[in-house]
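Quick notes on the structure that follows.
The values are calculated or read from the model by the stated rules, or taken from the named source; none is laboratory data. Just so you know, these numbers come straight off a predicted model, no measurement behind them. With ideal geometry, Cβ positions are generated from the backbone for all residues, glycine too; neighbour counts draw on all protein chains shown.
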Amino acid sequence: MILRLALFALMALGLVGFGTVAWISSHPPATRGTGRSALAASHDVLVAARDLRAGTLLKADDLAARKPGAADFAGNRPTIADSSDARRGLVGGMVRRPLIAGDILRPHDVLRPGDHGFLAAVLRPGMRAVTVGVDPISGTAGLIWPGDRVDLILTQSIADPSLPLGRRVAAETVLQNTRVIAIDQQLVEGADPGVADGKTAHTVTLEVTGEQVERVQVAARIGRLSLAVRAAEQPNHRAAARPLEPVWAGDVSHALSSAPAPAPNIMRLYRGTAAGKEFHF
């Protein structure tokens, strides 16, 4: 009888202990915040430094950082912790939606360079992308960023000795007010232009029309291409470009414009006893 009572008592104690453990596991003690709240207390997150339109290509100075609040994590929406690597990874990316200064940048807000469809998404409807080669001088010493607007200048030498010296070198504007899409493959991967691995830019990708693609390809075969950066404030940048006359060497150098024309070559042709005829060439 005593053994039976002891067995029942042990069973009762076991049930009580099991019930206590189950209740504690289903009612965890209150904490001071979730893992995201703890992250908010210790890490800054990246935000827009200024108002940004959808389609903007991010520059380094478009990014800022601040401490997030609990409301910034509503809906379990991810953020981007501030770091030098995170900033480099966003430079050159395209903003998918309008952002107000101070808005948190979230991973889905930016189409990053190198993502599938990035270049096609950056282009406006009906536009094309064309790449031209540049050097440290023709590429303005690596100071061009995606989103800048430039003119494309063609400089060529004309190898015709019969022309005056002032007409043997000319420069003309092939494209006006054209948007830069990318600088080299390094920028597409998020590096700053002219800084990645200590290398200067070698290619610049421009947004052009179908007809302008053909003009650029022909110009690249004729002579040397260079870029001229336009001012950031271009209220009428979509206005039709006005035609420009070429600038000749004689327009720039008075010495070349006043140089005497080369003497023509003269050939006299005699046929029998008839008087000779002169041919100038």
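Could you list all residues from the range 159-207 that are modelled with pLDDT of 90 or more and over 28 Å from G117 (Cα atoms)?
Those that are modelled with pLDDT of 90 or more and over 28 Å from G117 (Cα atoms): V169, A170, A171, E172, T173, V174.
Hey, L99 hits all of (1) surrounded by 12 or more Cβ atoms within 10 Å (Cβ to Cβ); (2) under 28 Å from V247 (Cα atoms) but one; which does it fall short on?
So the condition that L99 fails would be (2).
So is R77 within 20 Å of the chain's Cα centre (by Cα), farther than 14 Å from D44 by Cβ and of a type in the set (K, R) or not? Even if it seems obvious, please write down each step before you answer.
Numbers: within 20 Å of the chain's Cα centre (by Cα): no; farther than 14 Å from D44 by Cβ: yes; of a type in the set (K, R): yes.
Against the criterion (within 20 Å of the chain's Cα centre (by Cα), farther than 14 Å from D44 by Cβ and of a type in the set (K, R)), R77 does not qualify.
State yes or no: is L227 at pLDDT 65 or above and in the same structural domain as R168 (by TED's automatic domain parsing)?
On the way: at pLDDT 65 or above: yes; in the same structural domain as R168 (by TED's automatic domain parsing): yes.
Spelling it out, L227 is indeed at pLDDT 65 or above and in the same structural domain as R168 (by TED's automatic domain parsing).
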